[in-house]
Amino acid sequence: MSGISKRFGATVALSEVSFSAAPGEVYALIGENGAGKSTLMKILSGAITADAGQIFLDGNVFQPKNPMEARLSGVVMIYQELSLAPHLSVEDNIMLGMEPTRLCLVRRGEVRKTVEKALAQLDHPEIRPGVKVSDLAVAAQQLVEIGRGLALGCRVLVLDEPTSSLTQKDIGKLFQIITELKNQGITILYISHFLEEVKQIADRFTVLRDGAVAGEGETESNSIEQMVHMMVGRQIEELYPRSSRTPGDTILQLNDLAGFNKLEQAGLTLRRGEVLGIAGLVGSGRTDLLRALFGLDRVKRGEIKVGAYLGPASPARRWMQSMGMLSEDRAGEGLAVAMSIADNLTLSKLKALVRPSQQDAVSRHWISELSIKCQGPGQKVADLSGGNQQKVALGRMLHHEVDVLLLDEPTRGIDVASKAQVYKLIDDLVSRPEKGRAAKAVLMVSSYLPELLGICDRIAVMCRGRLGEARPVAETNEHKLMLEATGQV
Amino acid sequence: MKNSEKSKGKRAFSIGQWLNVIGPVLGLVFVFVLFSAIGPASFRTGRNLETIARQTAITGTAALGMTLVIISAGIDLSVGSVIALSTVVIAVLLNLGVPPLLAALGGVLAGVACGLVNGGLITRLKVVPFIVTLGTLLVVRGAAKGIAHEQKVDAPITWLNSLLAALKPDKHWMILPAGVWLMVALAVLVWIMLRYTKLGRHIFALGSNENTARLCGVPTDRVKLIIYTLAAGFAGLGGLMQFSRLTVGDPTVAAGLELDVIAAVVIGGGSFNGGEGSVLGSLVGALIMTVIRSGCSQMGLPNWVQEIVTGSIIVIAVALDRLRRRRSA
């Protein structure tokens with residue numbers, strides 16, 4: 001890609017961006033949210049057209065008019081949000097839109113052959129052609145999407161944040177496949193926030209910042225710190241702040257809690273002025289624990305004690321007991337994205353009579369307090385970037401002045417600068433209480449171990465629905481947590 | 001630049017809401033001017049305007065409730081049947097010698113009862129509103145026919161009949177009949193409820209994203225129960241107005257009226273995805289349909305032409321609205 005530029009109205013999304021990747025190379029594109037990575041990839045995959053610049057594929061000018069044309073030329077894009085039809089089988093999904101037919105009838109034999117060949121390239125025997133996609137785990141579904149690209153005979157595979165919803169183990173498997181595809185001569189463009197992964201899997205990289213190339217190089221000769229520096233244009237000295245904290249009264253206690261889904265058994269004690277982390281694989285029951293605790297899912301047995309309260313739970317009661325929850329699914333549950341920032345911030349704490357002017361005033365306070373980038377309290381949440389949306393969701397709990405914050409994947413899909421802000425905010429909440437108020441308590445679920453180790457005081461590991469003992473951060477490390485999460489302890 | 005940003009940020013909800021309403025209002029002005037130009041002179045008279053207002057009152061009143069339902073991403077197909085049941089209940093009560101005011105109240109309460117059933121089934125059985133209200137559409141219609149022994153129920157003439165009748169010369173100071181004023185007053189109340197009360201914000205949140213509403217402690221089941229009860233209550237009131245026009249309880253009246261009511265809300269900017277809709281828009285939507293009917297019939301166009309025109313207007317109105325949104329997005 002050479003000299004690519006794109007404007008949206010007055011905003012310059014990309015200016016003169018160039019890079020080139022060779023066959024059989026894993027090339028990483030990194031940058032904060034809004035840096036222009038997605039726009040660049042949308043141009044490559046034909047979803048939008050560039051204002052200036054050219055793309056060359058195998059030395060020929062490549063100008064896809066739409067995504068289908070790009071796919072047929074061998075450029076396949078796999079988005080963060082998977083685009084599979086959950087009711088159809090693996091086979092039907094792979095062949096969707098390109099079924100070979102004779103007299104309007106699908107030629108099943110030929111379909112089976114193409115699908116089997118594609119799946120063989122993936123080397124994952126557990127994904128059988130006849131299985132319904134909704135019965136597969138997220139990681140396997142992602143492989144089906146890659147399989148769809150292989151069946152098309154792709155030569156350039158674009159992976160947009162492929163690991164954001166995968167566990168460590170699945171990431172390992174994905175990386176194996178990427179390596180195999182690379183050995184087959186396929187070019188892989190890898191977009192990610194996780195620089196550790198980029199360093200592990202990619203050969204070379206380009207950093208985008210504000211729509212322009214901010215740096216490029218080989219992953220081997222550049223440290224993660226150098227990459228971060230290129231991304232943010234400044235050094236983030238203290239990504240994980242940790243002030244001195246003094247744990248206070250116990251504010252939340254769980255005894256032998258079980259739910260009807262994955263949660264089998266959980267017990268923990270959370271005190272004011274501490275951050276308790278919950279590690280574990282996706283699907284181990286971490287989210288179910290928070291949901292049961294917050295009254296979103298029914299409890300099968302066990303007791304939950306919030307302060308002195310021991311009764312039944314519902315989200316409304318929990319808010320009244322000064323507890324708030326941040327959902328892992330920002331667009332599906334956390335926020336009503338079609339509504340305004342003001343409505344989202346104040347939804348949990350409305351008086352019987354609502355004064356819109358007051359809603360606005362309150363929102364303006366939190367917009368400046370959390371430095372949410374927006375046009376004003378009336379702007380729709382859907383128009384904001386992921387990081388700013390997350391700040392709105394967090395702002396709701398701050399506005400409600402809750403004492404206990406349940407955070408489910410608070411930094412998922414947000415840029416480095418916003419992450420740093422979220423970490424700082426969590427640290428402030430537990431270590432620097434407002435005058436005359438007790439410190440707050442945070443219970444935080446995350447798949448990203450470095451951040452748990454960075455900001456938590458204690459960490460407990462969830463494995464197959466059972467929550468292990470919470471250990472002080474100083475006594476554990478990534479390796480130990482991983483062993484416990486995979487049930488090897 | 002700075003100024004425009006400021007104003008957009010400051011009052012974007014109300015600006016957004018006004019934009020949603022201005023479209024339908026322009027549509028109303030357009031159809032009215034159109035029929036004034038090509039229709040007979042009688043179309044433009046004050047008397048005809050009064051007739052249009054009277055004819056809109058029933059659909060308009062029911063549309064107030066439907067607006068709440070559609071904002072919450074639901075649907076209520078039973079309103080036509082509820083209107084019929086309400087007329088029958090009022091007539092039967094009048095025949096039993098009940099005072100008119102109490103009989104009218106009885107009609108509205110019959111509606112409220114239907115709404116409680118709708119809401120109860122939707123929240124307890126977790127069946128989608130479309131199916132529940134499709135069922136009650138038949139059940140309530142059947143109940144109305146049963147109570148009326150499958151025929152019209154004559155009732156003594158009372159002041160109820162003047163609610164929606166053409167104004168007598170000595171009452172011209174009222175400008176419009178009491179029933180129309182009642183609808184306007186209720187519209188103002190619903191508008192205030194949607195904009196300035198917790199319940200109103202909860203209805204929008206429920207329609208915009210039910211999961212978020214639940215997470216934020218909105219008692220979603222209770223809010224739904226209130227919505228469907230209010231909607232059927234408004235339909236019961238529509239039944240009172242229908243009774244006022246017919247002077248009899250008719251169990252077969254208003255068949256298919258639910259579609260007019262839904263169309264009014266949708267023309268007025270309501271979205272089946274929830275989270276959108278406005279009281280003023282729904283009333284304007286109801287007016288647009290009456291103006292077209294009135295204009296067509298005064299031009300002597302046959303019924304089938306009216307139907308084709310009304311149907312086309314519904315699709316065109318909503319398509320234009322979506323086009324505008326896509327532009328602005």
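Step by step: first the residues of the range A:301-330, then only those that are assigned to a strand (DSSP E or B) and within 30 Å of the chain's Cα centre (by Cα), then the one that is surrounded by the most Cβ atoms within 10 Å (Cβ to Cβ). Which residue is that? Filtering first and then ranking leaves A:Met325.
In the range B:268-283, the residue that is farthest from the other protein chains (Cβ to nearest Cβ) out of those that are open to solvent by 10 Å² or more (accessible area, probe 1.4 Å) and part of a helix (DSSP H, G or I) is B:Leu283. Going by the conditions given, is B:Phe43 of a type in the set (Phe, Trp, Tyr), assigned to a helix (DSSP H, G or I), open to solvent by 20 Å² or more (accessible area, probe 1.4 Å) and at pLDDT below 90? It is false that B:Phe43 is of a type in the set (Phe, Trp, Tyr), assigned to a helix (DSSP H, G or I), open to solvent by 20 Å² or more (accessible area, probe 1.4 Å) and at pLDDT below 90. Hey, among the residues in the range A:287-300 that are part of a helix (DSSP H, G or I) and open to solvent by less than 10 Å² (accessible area, probe 1.4 Å), which one's farthest from the other protein chains (Cβ to nearest Cβ)? Among residues in the range A:287-300 that are part of a helix (DSSP H, G or I) and open to solvent by less than 10 Å² (accessible area, probe 1.4 Å), the one farthest from the other protein chains (Cβ to nearest Cβ) is A:Leu289. Scanning the range A:474-489 for residues that are of a type in the set (A, V, I, L, M) and under 24 Å from the mean Cα position of the chain (by Cα) yields A:Leu481, A:Met482, A:Leu483, A:Ala485.
Provide a single number: the residues in the range B:175-202 that are more than 12 Å from chain A (Cβ to nearest Cβ) and either part of a helix (DSSP H, G or I) or at positive phi (or both). Adding up the residues that qualify gives 15. Assess whether A:Ala118 counts as being modelled with pLDDT under 85, surrounded by fewer than 20 Cβ atoms within 10 Å (Cβ to Cβ) and closer than 29 Å to A:Phe194 by Cβ. So A:Ala118 fails the test. Summed over the range A:27-41, residues that are in contact with a helix residue (DSSP H, G or I) (Cβ under 9 Å, 6 or more places away or on another chain) and either within 15 Å of A:Val156 (Cβ to Cβ) or of a type in the set (Ser, Thr, Tyr) (or both) total 2. Among the residues making up the range B:207-242, those that are assigned to a helix (DSSP H, G or I), at the interface with chain A (Cβ under 7 Å from one of its Cβ atoms) and without any contact (Cβ under 8 Å) to a residue 60 or more places away in the chain are B:Asn211, B:Thr212, B:Arg214, B:Leu215.
Checking each residue in the range A:361-375 for being under 13 Å from A:Asn344 (Cα atoms) and either open to solvent by less than 30 Å² (accessible area, probe 1.4 Å) or outside the structural domain of A:Leu350 (by TED's automatic domain parsing) (or both) picks out A:Ser363, A:Ile367. Is there any pair with a first residue in the range A:324-340 that is farther than 16 Å from B:Ser72 by Cα and at the interface with chain B (Cβ under 8 Å from one of its Cβ atoms) and a second that is assigned to a strand (DSSP E or B) and of a type in the set (Asp, Glu) whose Cβ atoms are under 7 Å apart and which are 6 or more apart or on different chains, and what are they? What qualifies is A:Ser327/A:Asp408.
Within the range A:155-172, restricting attention to residues that are assigned to a loop (DSSP other than H, G, I, E, B) and modelled with pLDDT under 85, the residue that is surrounded by the fewest Cβ atoms within 10 Å (Cβ to Cβ) is A:Ser164. Among the residues examined, B:Trp173 does not qualify as under 18 Å from the mean Cα position of the chain (by Cα), surrounded by fewer than 17 Cβ atoms within 10 Å (Cβ to Cβ) and either under 21 Å from B:Pro251 (Cα atoms) or among the aromatic types (Phe, Trp, Tyr) (or both). Which of the residues spanning the range A:52-87 are assigned to a loop (DSSP other than H, G, I, E, B) and open to solvent by 60 Å² or more (accessible area, probe 1.4 Å)? Scanning the range A:52-87 gives A:Asp58, A:Gly59, A:Gln63, A:Lys65, A:Asn66, A:Tyr79, A:Gln80, A:Glu81, A:Ser83, A:Pro86, A:His87. Here B:Val305 meets each of (1) surrounded by 15 or more Cβ atoms within 10 Å (Cβ to Cβ); (2) away from chain A (no Cβ under 14 Å); (3) not small (Gly, Ala, Ser) with one exception, condition (1).
The values are calculated or read from the model by the stated rules, or taken from the named source; none is laboratory data. As the structure is a prediction and not an experimental result, all values here were calculated from the model. Because the Cβ atoms are built from the backbone with ideal geometry, glycine has one as well, and the counts that use them run over all protein chains shown. For the accessible areas, the whole protein counts, side chains as well, though only heavy atoms, and no ligand, DNA or RNA atoms are used. Shrake-Rupley method; radii C 1.70, N 1.55, O 1.52, S 1.80 Å.
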